[in-house]
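Worksheet: one structure, shown below.
The values are calculated or read from the model by the stated rules, or taken from the named source; none is laboratory data. Since this is a predicted model, take the numbers as computed values, not measurements. Note that each Cβ is placed from the backbone with ideal geometry, even for glycine, and that neighbours are counted across all protein chains shown. SASA here: full protein model, heavy atoms, side chains in, ligands and nucleic acids out. Shrake-Rupley method; radii C 1.70, N 1.55, O 1.52, S 1.80 Å.
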Amino acid sequence: MNYWLMKSEPDTFSIDDLKRKKREAWDGVRNYQARNFMRDGMRVGDGVLFYHSNCAEPGIAGLAEVASDAYPDPSQFDPKSQYFDPGSSRDNPRWMLVDVKFVKKLKRTITLDELKNHSAVAGMTLLRKGNRLSVMPVEAGDWKYILGLE
DNA sequence: GCCAACGTTGGC
DNA sequence: GCCAACGTTGGC
């Protein structure tokens, strides 16, 4: 069992949206490293920290779970989608995604600002300067520690 | 809205 | 293969 952090802009798709929909295909990832984590690293049942980015209160807003194996992101084939990739083909899809299902909304958002003040998690990928990955691994120890902060 | 950081693209 | 230009991310 592995742990992950996935970023979403709450204006686009928030933890409340996931709660309402129960399950969501995590489409639109167009970064190779993030894709590789989904394609090669994720297994059904892995834990996911649902992170709100690019908003008033950036931070971990809830928990989710990997709910499918990786499969081709349908939006890459759709010319009307903002995620359309003319360089990809159905025979050899470039972008993969997983489904994610709702587990819980945290009682409060554990903010980025707060995490920065805990030296125990200072090594997290999330906190690395200039980090822009939208999907990244989380170490088991960091996962446990963060859940203890709620 | 600004801008630092970083990934991608494309000319050479 | 180098690297400048460009686009995007995301905190502030």
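Under 26 Å between alpha carbons, and skipping anything fewer than 8 positions from A:LYS144 in its own chain: which lysines qualify? Once the sequence-local lysines are set aside, what remains near A:LYS144 is A:LYS7, A:LYS19, A:LYS22, A:LYS101, A:LYS104, A:LYS105, A:LYS107, A:LYS116, A:LYS129.
With a 1.4 Å probe rolled over the protein heavy atoms of all chains, the accessible area of A:ASP99, A:ASP16 falls in the order A:ASP16, A:ASP99, largest first. Highest mean packing first, where packing is the average number of other Cβ atoms within 10 Å per residue, the peptides A:20-28, A:122-130 line up as A:20-28, A:122-130. Placing a pseudo-label 7 Å from each Cα along the Cα-to-Cβ vector at A:THR111 and A:ARG94 gives an inter-label distance of 3.8 nm. Entry note, chain A: the mean residue ellipticity at 222 nm calculated from DSSP H runs of n ≥ 4, each adding -39500 (n - 2.57), is -4000 deg cm²/dmol after division by the residues and rounding to the nearest 500.
Grab the other residues whose beta carbon is less than 12 angstrom from that of A:PHE84, score K and R as +1, D and E as -1, and report the net.
My count for the surroundings of A:PHE84 gives -1.
Each of A:TYR51, A:TYR3, A:TYR32 has its accessible area taken with a 1.4 Å probe; listed largest first, they run A:TYR32, A:TYR3, A:TYR51.
Around the Cα centre of the stretch A:3-147, unit charges on the Cβ atoms of Lys, Arg, Asp and Glu (plus for the first two, minus for the last two) sum to a dipole of about 220 debye.
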